[in-house]
Structures are given as structure tokens and as C-alpha cells.
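Values quoted throughout were computed directly from the atomic coordinates according to the rules given, and no laboratory measurement underlies them. Note that this is a predicted model, so its numbers are computed, not measured. Using ideal geometry, Cβ is built from the backbone for each residue, glycine included, and neighbour counts are taken over all protein chains shown.
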Amino acid sequence: MLQGKLVILGPVYPLDFNALFLWADDSEAALLNEPYRPPLWKHQETFWFAQNPDPSRVFFALRKIHEPSILGYVQLWNIDAVNRSVMLGLRIGDLAQRGQGMGQEALQLAIDYCWQHLNLRRITISVFANNAPALHIYEKNGFIQEGLLRQAVYISGTWVDIILMGLLRCP
């Protein structure tokens, strides 16, 4: 478990699955990270609770300190031990919980985890260009725009650019 002042990053529990499934089925939230498709229960269950642990990915449940319910999650995937790199994703599931500093702290905990526990050198994030709050939090934590995928996804009748951002570990 990784603990900050506001939040804890820890394991995803089976009791978290209902919230995770509902977030996957949130068409409004999908506007900020993927085209909406209704999720299938079995596919979501397999994704979150695969029988064979995959060493190239780590999922953390994000919770407020002293509160058992899941608030969001942090995903690390494509963990590459040779090139010491990873892809990172962060989500606060409930819109009412955003903008309170919990995502900021969860991101910092995840960055520290990548540096201190996985001995990585590089973190990559992809973010929709119209997701201003996410861009702000990533830039505030030192991520730099490294690329732009123009009109990369078609979301709700509009083409959206994807911004690629990176953070390098200081020597």
C-alpha cells in the first residue's frame, strides 16, 4: 500500500468491481479517454482479475484515507524492464470527487512507485487534447509534451488529437 496525505494506492478488491464496471459504462467519462462502447461484464472481470498475473502491468485502487470505497484507479502497463519505461493512466471515477487534489497526489505516488519500486527511467502518458484538467495535472508534475497524434480518435462526432507526454527520472 502506498499512502499520501489524502489518498492510498492499494490492491483492487472484488468488491470494487461494481464501481469499476459502472465507470467503464460511463459514456460521458469516455469522452475524455476512449470511444464509448458498452462493456461486457466478463471482459471487464477478466481485465481486472486475470488468473495469471501479468508482470508488465500493475493496477492500483485509489481510495481516500480511512474510506473503504474505491475512488478511482492507477494503471501501469507495458512495463519494460529492459528499457526501464512504462505507460501510466489515472482515473477518478466520480466527477464530484475530481478537482480536490486527490488525483494530483495519486499521480505523485504512482511516479514515486515507478522510480523507487520498479527502478524505471521513463513514464509515458497519452491524453486527449480536450482534457484540460488532465493536461494541467501532468504538466504540474513535470510531464512534457513529446508528440501529437492529430485527429487520432473520433469521439461523439468530433475528431480529437492525442497528446503524448513523457517524464524522465532525474539522475
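Expressed to the nearest 5 percent, the antiparallel share of DSSP beta bridges inside the chain is 90 percent. Considering only Cα atoms, the convex hull volume of the range 2-122 works out to 113 Å³ per residue. Spatially, the range 45-64 and the range 76-102 are offset by 13 Å when compared through their Cα centroids. Once every DSSP H run of n ≥ 4 in the chain is given -39500 (n - 2.57) and the sum is divided by its residues, what mean residue ellipticity at 222 nm do you get, rounded to the nearest 500 deg cm²/dmol? After summing the helix terms and dividing by the residues of the chain, the value is -7000 deg cm²/dmol. Once the C-beta distance of Ser27 and Ser126 is scaled by a Förster radius of 22 Å, the resulting FRET efficiency is 0.60 to the nearest 0.05.
For the range 37-69, the residues whose amide N sits under 20 Å from a probe point set 7 Å from the Cα of Gln3 along the beta carbon direction are 60-69.
Mean separation of Cα pairs under 8 Å and 6 or more residues apart, divided by the residue count, gives the chain a relative contact order of 20 percent.
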